[in-house]
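Trainee: The structure under discussion is supplied below as structure tokens; questions concerning it will follow.
Just so you know, all these numbers are worked out from the coordinates, no wet-lab data involved. Small disclaimer: the values here were computed from a predicted structure and weren't measured. All Cβ positions, glycine included, derive from the backbone under ideal geometry; neighbour counts span all protein chains shown.
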Amino acid sequence: MLYLPLQDIEASKLNIDDPEHLRIHSLETFGTHDGPGIRMVIFVQGCQFRCLYCQNPDTLDVKAGELIAIDELVQRAVRQKAYFGKFGGVTVSGGEPLLQRSKLSTLFQRLHKEGINTCLDTNGRLNDVHVHELLIHTDLVMLDVKHINEEIHRKLTGLTNKNTLALADYCESIGKRLWLRYVLVPGWTDQEQYIEEWGQRFTNFKTVERVEIIPFHQLGLHKWELLKMDYPLKDTPTPTEESKQKTLAIFNKYFDNVILK
Amino acid sequence: MKTDVTAIPFEQGEWNSTLNVYSFVVKNITPYTGNSSFLSGPSAKTINVWNATKEALAIERANNGCLAVDTETISNITAFRPGYIKKEDEVIVGLQTDVLLKRSLKPFGGIKLVESAARERGLEVSDRIKDIFKYAKNHNEGVFNAYDPEIRAYRSKHVLTGLPDNYARGRIIGDFRRLALYGADALIAFKKADFKQVSGEMTEHKVRLREEINSQIAALKDIVLMAAEYGLNISNAATTAKEAIQWVYFGYLAAVKEQDGAAMSLGNVSSFLDIYLERDLKSGLITEEEAQELVDQFVMKLRLVRHLRPASYDEIFGGDPTWVTESLGGQLNDGRTKVTKTSFRFLQTLYNLGSSPEPNLTILWSEELPEGFKRFCAQVSIDTSSIQYENDDLMRPNRGSDDYGIACCVSYQEIGKAIQHFGARANLPKALLISLNAGREEHEGTVIVKGIPELPEGPLDYDLVLDVFKRTLSDLARVYAKAMYIIHYMHDKYYYERAQMSLIDSDPRVDIAYGAAGISIIADSLAAIKYAKVTPIRNEKGLTVDFKIEGEYPQFGNDDDRPDTIAQEITHFFINELRKHQTYKNSTPTLSLLTITSNVMYGTNTGATPDGRKSGEPFAPGANPMHGRDSSGAIASLNSVAKLRYTDAQDGISNTFSMIPKSLGDTKEEQVTNLVNTIEGYFKHMAHHLNVNVLNRETLMDAYNHPEEYPQLTIRVSGYAVNFVRLSRAHQLEVIARTFHEKM
Ligand code: SF4
């Protein structure tokens, strides 16, 4: 039922091959939506989730994209450092960054040497020692908890949410700063009882600084068409204002700082 | 209870014994490090006057951008009876003519231009004035008496463009603060003392100076008469804030009654005026609302400055700008900030009166500026797109003074001690085409530069091209310098700025501000020749009509050193060539990378270039990368422009940066923080100037289609701001087509 094979073997090689190079999809030099301040955003290539609403289906294939030297990424970040201010820095997003967790440890350590803040934007697919090592060098984790219900999560993404939740718990246990993200998809993630449950699950986390609600949009449609893949949500509307406000109200019960994007 | 303000004495200093406004400011300034929460909205009086003004502005717009023209009078300081908008509510008075927005004739720059400007509006200059100019010579005539065939060829073939040879040069900033601090009588006495000093054996310099000083004294006397017509005596120093603002404004008003220079800047009056406002507030003479009312009404007057311009002028300076440039902020050399509450009050006018291109508010940005001020500036940018930023940390050490304003769009100018002569600009891509066509211009094949060899057939060779291009630039510099010498000689002779000069030291230092357009096309063209294969396509006359580019080449605007260093090298080469030539009044050459809106006109007049730009396509504005070529994001784009060295282009390196609000962040708070960091980051790279637009493209499209709904929509273009709806349709489309950093 997955629209693209899982690529388990290739995915595990991704973390090991070419330790000095990162497989990336693209770079953005002035990200203001992926973490605090102005950030250089590295979109890595490869993801094993198969979200029905994926807006970046072109980042999924772990063999696509291009290899770029970690040192070059560091140099580029240094050229942009003056703009980062007190809060900005580098965000690694995807795709799924954790598939290249060991290389990212290298990257983040080098960035820290240059005094540059690091942020990881992840779906929490993995939670192993290498991920824990990476977290040491990560200043902020943005964790996408796509659905609180295991069964729906599987339907929505193709995989379990257990690792994601475990990673959240691990971050809480080590006091790692967290921003939680939630994509609001009509018919998929707008069920009130599950949003409540989601809120309850994290409301007591001391590490959660902010929760972001990201309303589903259709801007990724053309990418599906380009890849000649069948886009399951091509007829799904964007959430209504009412639904967005309702969701916001629920989250507001559980968290101090909720941003509706 | 109102107390006597003079009871609070100013801190004494050098300013008491010599003419030294700077000493007064340094001794008495109250730096403000707080935020904007103290500010007031508009007063009832301000609203009344502004409503009356808005009605007149609507009529002006409906009447093709010109309300009325007085064709009977030659405008000077005393030519018109007093004019009012709504007398009982005006706390600051004075209009250029007797009627709000009525334009006047200032024919000494060029009677022909004035005649055609009137005629375009279905009017005729009166017979009396025509008759006068049968006997009186004007600047334009003088210049063309002295021009030689070379200059004429460079000019008519659009290599040298927009030269101030048929209109006033502007750019000279009087130290309008002097009138408030000393009063006209004391200033006349200082001038008389100067006059006495210029004695002994005569030289041309001394004779000229003696004549100049006497015309300045006459101007001061006229300013007193003008003020008296409004019932005010400005012979003595101002005693209150209201008087100080009024005196300063009278100084400025005198300048714009006599001169219609392209840019008529105000300088840096706000923090000077703050000293008076602070004192009046402290003594209880005025409230914050009244302080704001004074500033609002002063600024309102500055918004209403008008000059009579012909349509041809609109091509180079679109949107009827006047460049009443006022600089806010910056730091003192002693480490204190020049930000005062009145810096905030000036910005507040953009809320109280709505956004506006004039006065051209310019923030002198330093890393050391108080955080509250930085954030307020960013907020104002996001809300109004009306302000620009210049790097104080770069200009202050490089140019020497911490008492400076911005002349015209972006150019540093020490106030009261030095002036600059405006030099318009040279079309660099045109020069490149001349060098690729054996010294001939590309349209008709007229020989412009002699001795440039024909290039061998086939793909262009980088070293060969660089060689012929540099030879062309050398020749261009030689002819350009001659033209400027003649222009400024004649301007002094026939259209001397006696009003501004009466408020400046008698023998000031002078910069000659040359300019260059199209640097990003040069960088890309040369990079294309170097890194790709570029073959000219020539017509039967052997002139280039297009270029075939095979392969990719690195483009300016992507933080890539390959094209960026080419831009650096050519700028450096050109200013050094300009520095080799004689200048009028021994002025010091500077260079700007700036276009105003003329980038559209340049494009129209310039054939296809080796970077792939088609014939007639607009240039990028100022030093901006070409549209759509800065594809590596906003920071890379900014970093490329930041590489252009200020020491090579001290007249200014203009960069216009447009982004949609959403791209700055999710919340207003984040947007403000991110904009502050963007400006800070850019200036940490030693960049010089940044125009900031925060707008949606859809808003501009809507304004294009429904101009009547956007009377005050303001956008920043190269070095200044304009009412979007007052730009020509072509300019509007060019702005809409420009790179908006959506994903930065
Ligand atoms: S986790 Fe992100 S990249 Fe991966 S499939 Fe889901 S939406 Fe797409």
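Trainee: Evaluate 2.2 N^0.38 Å with N set to the residue count of the stretch B:286-327, then give the Cα radius of gyration divided by it. Write down the numbers at each step before the final one.
Mentor: On the way: Rg = 14.9 Å, N = 42, 2.2 N^0.38 = 9.1 Å.
Taking N as the residue count of the stretch B:286-327, the ratio is 1.63.
Trainee: From other protein chains only, count the Cβ atoms within 10 Å of every residue's Cβ in B:658-668, then give the mean.
Mentor: The mean count of partner-chain Cβ atoms within 10 Å per residue comes to 2.
Trainee: Using only C-alpha atoms and all pairs of different ones, pull out the Kirkwood radius for the stretch B:628-744 in Å with one decimal. Before the final figure, lay out the partial values.
Mentor: Values: mean 1/r = 0.0659 Å⁻¹.
For the stretch B:628-744, inverting the mean 1/r across all distinct Cα pairs yields 15.2 Å.
Trainee: Among the DSSP beta bridges whose two residues both lie in the protein assembly as shown, what percent are antiparallel, rounded to the nearest 5?
Mentor: Here the antiparallel bridges make up roughly 35 percent for the protein assembly as shown.
Trainee: Between the alpha-carbon centers of the stretch B:337-371 and the stretch B:502-562, tell me the distance in whole angstrom.
Mentor: 35 Å
Trainee: Here's something else I'd like to know. Restricting things to alpha carbons, tell me how big the stretch B:215-312 is in terms of Rg and Dmax, in Å.
Mentor: Final numbers for Rg and Dmax: 15.0, 52 Å.
Trainee: If pairing requires two Cys Cβ atoms under 4.7 Å apart, which cysteines of chain A are left without a partner?
Mentor: When partners are defined as cysteine Cβ atoms under 4.7 Å apart, chain A leaves A:C47, A:C119, A:C171 without one.
Trainee: Calculate the mean, over all residues of peptide B:634-645, of how many other protein chain Cβ atoms lie within 10 angstrom of the residue's Cβ.
Mentor: The shielding value for this peptide is 3.
Trainee: Considering only C-alpha atoms, what is the centroid distance from the stretch B:593-652 to the stretch B:273-287, in Å?
Mentor: First find each Cα centre; the distance between them is then 46 Å.
Trainee: Further, regarding this structure: Set the Förster distance to 25 Å, then compute FRET efficiency between B:A193 and B:L232 from the Cβ-Cβ distance, nearest 0.05.
Mentor: Once rounded, the FRET efficiency stands at 0.45.
Trainee: Next question. I'd like the Kirkwood hydrodynamic radius of the stretch A:79-124, using the inverse of the mean 1/r over distinct C-alpha pairs, in Å.
Mentor: Result for the stretch A:79-124, one decimal place: 11.2 Å.
Trainee: Rounding to the nearest 10 and keeping the result within 0 to 90°, find how far the Cα-based axis of helix B:288-303 lies from the longest principal axis of chain B.
Mentor: In chain B, helix B:288-303 runs at an angle near 50 degrees to the longest axis.
Trainee: Can you give me the long-range amide H partners of A:R210? Hydrogens built in the peptide plane at 1.01 Å from N, cutoff under 5 Å, separation of 5 or more residues or another chain.
Mentor: Those lying under 5 Å, H to H, from A:R210 are A:L180.
Trainee: At 0.890 mPa s and 25 °C, plugging the Kirkwood radius over alpha-carbon pairs of the stretch B:578-630 into Stokes-Einstein gives what diffusion coefficient in µm²/s?
Mentor: 188 µm²/s
Trainee: Also, quick follow-up: Could you give the alpha-carbon Rg of the stretch A:1-114 over 2.2 N^0.38 Å, rounded to two decimals?
Mentor: 1.07
Trainee: With the Cα gyration tensor of the stretch B:485-561 in hand, give its eigenvalues times 5 under a square root as the equivalent ellipsoid semi-axes, listed largest first in whole angstrom.
Mentor: Each semi-axis is √(5λ); the values are 46, 19, 8 Å.
Trainee: Residues of A:31-39, mean number of Cβ from any other protein chain within 10 Å of their own Cβ, rounded to a whole number?
Mentor: So the per-residue partner count for this stretch is 6.
Trainee: Mind checking the stretch A:93-188 for GluC sites (Glu not before Pro) that DSSP puts in a loop (not H, G, I, E or B) and that have at most 15 other Cβ atoms within 10 Å?
Mentor: When the GluC sites (Glu not before Pro) of the stretch A:93-188 are filtered for loop state and at most 15 Cβ neighbours within 10 Å, A:E114 remain.
Trainee: Can I ask one more? Can you give the extra length, in nm with one decimal, that the chain gains between B:Y135 and B:N64 once fully stretched, where that is 0.36 nm per residue apart less the Cα-Cα distance?
Mentor: 22.2 nm
Trainee: Follow-up question, since we're still on this one. So what is the diffusion coefficient of the protein assembly as shown in µm² per second by Stokes-Einstein at 4 °C and 1.567 mPa s, using a Kirkwood Rh over Cα pairs?
Mentor: On the way: Rh = 30.8 Å.
The diffusion coefficient I find is 42 µm²/s.
Trainee: In the stretch B:525-566, which trypsin sites (Lys or Arg not before Pro) are in a loop and have at most 13 other Cβ atoms within 10 Å, using DSSP for the loop call?
Mentor: Details: sites: B:K530, B:K533, B:R538, B:K541, B:K548; in loops: B:K541.
The qualifying sites are B:K541.
Trainee: Could the peptides A:104-111, A:254-261, B:616-623 be put in order, highest first, of the mean number of other beta-carbon atoms found within 10 Å of their residues?
Mentor: Going from most to least packed, we get B:616-623, A:104-111, A:254-261.
Trainee: Shifting gears a bit: Using only the Cα atoms of the stretch B:330-396, what semi-axes does the equivalent ellipsoid have when each is the square root of 5 times a gyration tensor eigenvalue? Give whole Å, largest first.
Mentor: 21, 12, 10
Trainee: Continuing with the same structure: Mind listing the phi-derived Karplus ³J(HN,Hα) values for the stretch B:133-146, rounded to whole Hz, using 6.51, -1.76 and 1.60 with θ = phi - 60°, and x for any glycine or proline?
Mentor: For the stretch B:133-146, the Karplus curve yields 7, 6, 9, 8, 8, 10, 3, 4, 5, x, 4, 6, 5, 9 Hz.
Trainee: Please compute P(r) over all alpha-carbon pairs of chain B, binned at 20 Å starting from zero, and give each bin as a whole-number percent.
Mentor: Result, from short to long distances: 17, 53, 27, 3, 0 percent.
Trainee: So, one more: How large is ³J(HN,Hα), in whole Hz, for each residue of the stretch B:248-257 in order, when computed from phi with the Karplus curve 6.51 cos²θ - 1.76 cosθ + 1.60 and θ = phi - 60°, using x for Gly and Pro?
Mentor: Running phi through 6.51 cos²θ - 1.76 cosθ + 1.60 with θ = phi - 60° gives 4, 5, 4, x, 5, 4, 4, 4, 7, 7 Hz.
Trainee: If you don't mind, there's one more thing I want to ask. Run the numbers for B:K450 and B:T203: contour at 0.36 nm per residue of separation, minus the present Cα-Cα distance, in nm.
Mentor: Between B:K450 and B:T203, full extension yields an extra 85.1 nm.
Trainee: Shifting gears a bit: If R0 is 56 Å, what FRET efficiency do you get for B:R645 and A:T160 from their C-beta distance, rounded to 0.05?
Mentor: Approximately 0.45, to the nearest 0.05.
Trainee: When you have a sec, figure out the Kirkwood radius of the stretch A:8-260 from all distinct Cα pair distances and drop it here in Å to one decimal?
Mentor: With all distinct Cα pairs of the stretch A:8-260 included, I get 18.5 Å.
Trainee: Tell me, what are the semi-axes, in whole angstrom and largest first, of the equivalent ellipsoid of the stretch A:150-261 as set by the roots of 5 times the Cα gyration tensor eigenvalues? Working shown, then result.
Mentor: Numbers: eigenvalues 136, 62, 33 Å².
That gives 26, 18, 13 Å for the three semi-axes.
Trainee: Are there GluC sites (Glu not before Pro) in the stretch B:1-93 that DSSP puts in a loop and that have at most 13 other Cβ atoms within 10 Å, and which ones?
Mentor: Filter output for the stretch B:1-93: B:E11.
Trainee: Shifting gears a bit: Please list, in order, the residues from the stretch B:415-438 whose amide nitrogen is less than 18 Å from a point placed 7 Å along the Cα→Cβ vector of B:Y489.
Mentor: The answer is B:421-423, whose backbone nitrogens lie closer than 18 Å to the label point.
Trainee: To the nearest 500 deg cm²/dmol, what mean residue ellipticity at 222 nm is calculated for the protein assembly as shown from DSSP H runs of n ≥ 4 alone, each contributing -39,500 (n - 2.57), summed and divided by the residues?
Mentor: Working: 34 runs with 421 residues, N = 1005.
The per-residue figure over the protein assembly as shown is -13000 deg cm²/dmol.
Trainee: Could the peptides B:223-234, B:505-516, B:450-461 be put in order, highest first, of the mean number of other beta-carbon atoms found within 10 Å of their residues?
Mentor: Result, highest mean Cβ count within 10 Å first: B:505-516, B:223-234, B:450-461.
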